[in-house]
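The values are calculated or read from the model by the stated rules, or taken from the named source; none is laboratory data. Values in this document were obtained by computation on a predicted structure and should not be read as measured data. Neighbour counts run over all protein chains shown; Cβ positions are idealised from the backbone, glycine included.
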Amino acid sequence: MRLAITSTFLILVSSVAASAQQQAVIDLTGVQIRNATNQSRTSAGPISPAYGYHYAISGNVRGMSGALALLYPTPTPLAQVLEDFQPGSSAGLSGEAYNPTNAHPIEVLNDRREGTSTLGAITVTYGLTLIAGIRADNVAYFQIDSVVLQPSALVGFFQFTSGTVTIDRVNVTPGDMNWDGLVNGDDAQAFVLAQLDPAAYVAAYAHDPRLNGDINRDGILDAADLLAFIQTLLSVS
Ligand SMILES: [Ca+2]
Ligand SMILES: [Ca+2]
């Protein structure tokens, strides 16, 4: 009986170990965007190492004092606030990161944005650095650093009423350049596009071309990968 229980336990343990943690979620509720005030949060659970990650920052913020309390008295999507400060800037709230080592730690986002903007009758000097990553112990983190919101007493500060940073593993298939799940001759055109015009590749496939194109995992997509790509095609056909 003891033996049976022990083996059931071992099966449970091994099945848990075998299933990768696909996503990390970091709660932003209560995080402030405040002049000269760094903030950080970590995920409740771990995320397994991967070659690629998709991250997304979303949530609602409210002005807590000063002009921001007057302009944003109720929870307002962070994306809308960023657009108010600088049109187009909300695009950077989601993206992809490549991790050629397939190991942690890894920084997936380090994005500084700054400038001046007119809020009501006030000219605001603003700046903040958004940082996200995964520690060696597989816990994900998010930081808002080096915040400038000046003149701070007049401008006030924001606080998240709700929100998350999610980091998802991207499942890669080396050589599958058109992301249809297969590696075959149809990928050749996309591979050439990735080499000649990486920006056009990203526009067409919405992925960093290195995720499936850096086949030898040295971190760059170049002619050495073309040879590896051809060898991959030959081995699967
Ligand atoms: Ca394919
Ligand atoms: Ca390479």
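Results, tabulated for the structure shown:
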{"quantity": "Residue within the stretch 200-215 that is in contact with a strand residue (DSSP E or B) (Cβ under 9 Å, 6 or more places away or on another chain), of a type in the set (A, V, I, L, M) and within 13 Å of ligand 2 (Cβ to nearest atom) present", "calculated": "yes"}
{"quantity": "Criterion (in a helix (DSSP H, G or I), within 16 Å of ligand 2 (Cβ to nearest atom) and modelled with pLDDT of 95 or more) met by exactly one of D225, D176", "calculated": "D225"}
{"quantity": "Index of the failed condition, V192 passing every other in (1) within 14 Å of ligand 1 (Cβ to nearest atom); (2) surrounded by 13 or more Cβ atoms within 10 Å (Cβ to Cβ); (3) in contact (Cβ under 8 Å) with a residue 24 or more places away in the chain", "calculated": "(3)"}
{"quantity": "Tally of residues being crowded, with 17+ Cβ neighbours inside 10 Å, closer than 21 Å to Q80 by Cβ and in contact with a helix residue (DSSP H, G or I) (Cβ under 8 Å, 6 or more places away or on another chain) across the stretch 36-61", "calculated": "4"}
{"quantity": "Yes/no for G219 being away from ligand 2 (no atom under 16 Å from the Cβ), in contact (Cβ under 8 Å) with a residue 40 or more places away in the chain, at positive phi and not charged (D, E, K, R)", "calculated": "no"}
{"quantity": "One residue from G219, G185 being out of contact with any Leu (no Cβ under 6 Å at 6 or more places or on another chain), under 23 Å from A97 (Cβ atoms) and either outside any helix (DSSP H, G or I) or among the acidic types (D, E) (or both)", "calculated": "G219"}
{"quantity": "Any hit, the stretch 156-170, residues being in contact with a Leu (Cβ under 9 Å, 6 or more places away or on another chain), at pLDDT 95 or above and surrounded by fewer than 16 Cβ atoms within 10 Å (Cβ to Cβ)", "calculated": "yes"}
{"quantity": "Only listed residue being over 28 Å from A24 (Cβ atoms), modelled with pLDDT of 95 or more and not charged (D, E, K, R), chosen from L71, L93", "calculated": "L71"}
{"quantity": "Residue in the stretch 195-212 that is farthest from ligand 1 (Cβ to nearest atom), counting only those that are surrounded by 14 or more Cβ atoms within 10 Å (Cβ to Cβ) and part of a loop (DSSP other than H, G, I, E, B)", "calculated": "D208"}
